[in-house]
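All remarks here apply to the structure that follows.
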Amino acid sequence: MKAVLLVVVLIAGAIAVFAFTNRSSATPVPQAGEMAPDFTLPSQDGSPVALKDFRGKWVVLYFYPKDRTSGCTLEAHNFQRDMTKYQALNAVVVGVSVDNSASHQDFCARQGLTFKLLADTDKTVSKAYGSAMNLVVAQIAARNTFLIDPQGKIAKVWIGVDPGRHSEEVLAELAAHAPR
């Protein structure tokens, strides 16, 4: 009897979690080979940053849920740690979350981050990249990354990344595209 009750409780819990947490985006995720959706967003210093500003370079466009959380901090630290490797591969790293510019500025100052973090407070860019995620009562950015080639096309997409090893995955993909 206890086993049956436990199963019922677990199923009810799973249904409740599914009902209150919708991890999918209403917009499909752009795929490799497609042109990357263009955007202009404010960075941590308030200045506008557009995707077209990076033409001629590889762009690592990564979406993350929230400044100053453990996974997001780890992922940002790893990108920062590897910044010279990205620069050597003609690549820039750009992070996007729904936090505002002031939050990004504080996060960068506290963590020593030198790359751009963009404020997508109205969630337009997160939605355009299929990376908006409903979490109970708030909408945040899902942990997805898009590698965009120097011509503005998506070269690789990672969905639901592991923040601990993701920078190495991206560097390996960039190295595979490097001229030999």
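Here are a few things to note about the model shown:
- Pick from region 76-109, criterion in contact with a helix residue (DSSP H, G or I) (Cβ under 8 Å, 6 or more places away or on another chain) and among the acidic types (Asp, Glu), ranking: modelled with the lowest pLDDT: 99
- Taken over region 128-170, the residue count meeting the criterion of being among the polar types (S, T, N, Q) and part of a helix (DSSP H, G or I) is 1.
- When residues in region 105-120 are screened for being over 27 Å from residue 173 (Cα atoms) and either of a type in the set (A, V, I, L, M, F, W, C) or under 14 Å from the mean Cα position of the chain (by Cα) (or both), 2 of them pass.
- The lone exception for residue 55 - which of (1) modelled with pLDDT of 95 or more; (2) among the basic types (Lys, Arg); (3) within 14 Å of the chain's Cα centre (by Cα) it fails: (3)
- Against the criterion of being touching a Pro at 6+ places or on another chain (Cβ under 7 Å) and modelled with pLDDT of 85 or more, residue 71 does not qualify.
- Filter pass, residue 76 being more than 12 Å from the chain's Cα centre (by Cα) and either on the phi < 0 side of the Ramachandran plot or assigned to a loop (DSSP other than H, G, I, E, B) (or both): no
- Members of region 79-99 found to be part of a helix (DSSP H, G or I), in contact (Cβ under 8 Å) with a residue 12 or more places away in the chain and within 16 Å of residue 175 (Cβ to Cβ), listed by number: 79, 83, 85, 86
- If you go through region 83-118 and keep only what is buried (at least 18 other Cβ atoms within 10 Å of the Cβ) and of a type in the set (Asp, Glu), you end up with just 99.
- Of the listed requirements (1) over 23 Å from residue 178 (Cα atoms); (2) in contact (Cβ under 8 Å) with a residue 60 or more places away in the chain; (3) hydrophobic (A, V, I, L, M, F, W, C), residue 102 misses just one: (2).
- Residue check for residue 125: within 24 Å of residue 34 (Cα to Cα), hydrophobic (A, V, I, L, M, F, W, C) and not in a helix (DSSP H, G or I): no
The values are calculated or read from the model by the stated rules, or taken from the named source; none is laboratory data. Predicted model only: the values in this text are computed from it and were never measured. Cβ atoms come from the backbone with ideal geometry, glycine included; neighbour counts cover every protein chain shown.
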